[in-house]
Amino acid sequence: MQTLKKTFSKNHNEIVLLGNDNFKNILVIGVFHGDEPQGKFLIEQYLKENNDTRLLFIPCLNPDGMAQNTRTNANGVDLNRNFPTKNWELTEKNEFFGGTCAGSEIETRFIMKIIEKYNPHLILTLHAPFKVVNYDGDAEKISEKISQIINYPVEPSIGYPTPGSFGTYAGIERKIPTITLELDEECPVENLTEPVHKIFKLLEM
């Protein structure tokens, strides 16, 4: 397992892309929101046991937010509202604030560069707490398979507006099948290890 690319957040925390030379162009991203840390744990545990994985991983996109236990990054921006989509909009400064302009944040630009360089043909992001398999783009079939593993329903819509979201940026506007796996935040993260690692194995196939 190698660090293929890294950058540093506002507070000088590393954001890294991990993978091997024989990667499969499937990207898995943890911790978009700092108060949803499950993804980092699940990815790191998987990599301890699967050093020869063919997937690409960003274990923690928002290390500053995770350190502060906040949804937003160090600038108070919701990274999942900061992407330069057709529906991005300047909003009030609350926990869903999409930044002063689209693509303003280091973390956002990091992912944009990863997509440009590595051209993933499927992306899985790990969130909480809604217990659904949400998708954007042509990802219904793989979402159904993931649903069968983790026993969450498949939902093509999260149920509320998400201007500037990553799903819109990657899944809708760039036609990359993009899955948002919303994990159960009330479930001990150790109990999520088996189903989520089965999902990673499914993506390895």
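Things to note:
- Largest accessible area first, the listed residues E186, E49 line up as E186, E49 when surface is computed with a 1.4 Å probe on the assembled protein chains.
- Within the accessible area of segment 1-97 (1.4 Å probe), percent carbon and sulfur: 45
- Three-way shape call for segment 4-46 based on the alpha-carbon gyration tensor, with the a/c threshold at 1.5: oblate
- Remark: segment 1-124 carries 45 Å² of accessible area per residue (probe radius 1.4 Å; ligands, DNA and RNA excluded).
- R54 contributes an accessible area of around 90 Å² to the protein surface, as traced by a 1.4 Å probe with all chains present.
- Residue-level accessible surface for D138, protein heavy atoms, 1.4 Å, Å²: 130
- Beta bridges per DSSP with both ends in segment 1-142, % antiparallel, nearest 5: 45
- Solvent-accessible surface of segment 146-205, averaged per residue with a 1.4 angstrom probe and all protein chains in place: 49 square angstrom.
- Cα-based shape type of segment 115-172, given that a ≥ b ≥ c are square roots of the gyration tensor eigenvalues and the cut on a/c is 1.5: oblate
- Length gained when the stretch C187-N22 is fully extended (0.36 nm per residue, less Cα-Cα span): 56.0 nm
- Segment K175-E194, length gained on full extension (0.36 nm per residue, minus Cα span): 3.9 nm
- Tensor-based shape of the chain (alpha-carbon gyration tensor, a/c under 1.5 rounded, otherwise prolate or oblate): rounded
- Ranking by accessible area, most exposed first, for K86, K10 with a 1.4 Å probe: K86, K10
- Gain on full stretching of the segment that runs from T3 to K93 - 0.36 nm per residue minus C-alpha separation: 29.0 nm
- Listed peptides 91-97, 167-173 appear in the order 167-173, 91-97 once ranked by packing, highest mean of other Cβ atoms within 10 Å at the front.
- Largest-first ordering by accessible area, 1.4 Å probe, given options C101, C187, C60: C101, C187, C60
- Per-residue [θ]222 nm for the chain (sum of -39500 (n - 2.57) over DSSP H runs n ≥ 4, rounded to 500): -8500 deg cm²/dmol
The values are calculated or read from the model by the stated rules, or taken from the named source; none is laboratory data. Just so we're clear, the structure is a prediction, and the values are computed from it rather than from any experiment. A quick note on method: Cβ atoms are made from the backbone with ideal geometry, for glycine too, and the neighbour counts reach across all protein chains shown. Side chains are part of the model used for accessible areas, which takes the heavy atoms of the whole protein and leaves out ligands, DNA and RNA. Shrake-Rupley method; radii C 1.70, N 1.55, O 1.52, S 1.80 Å.
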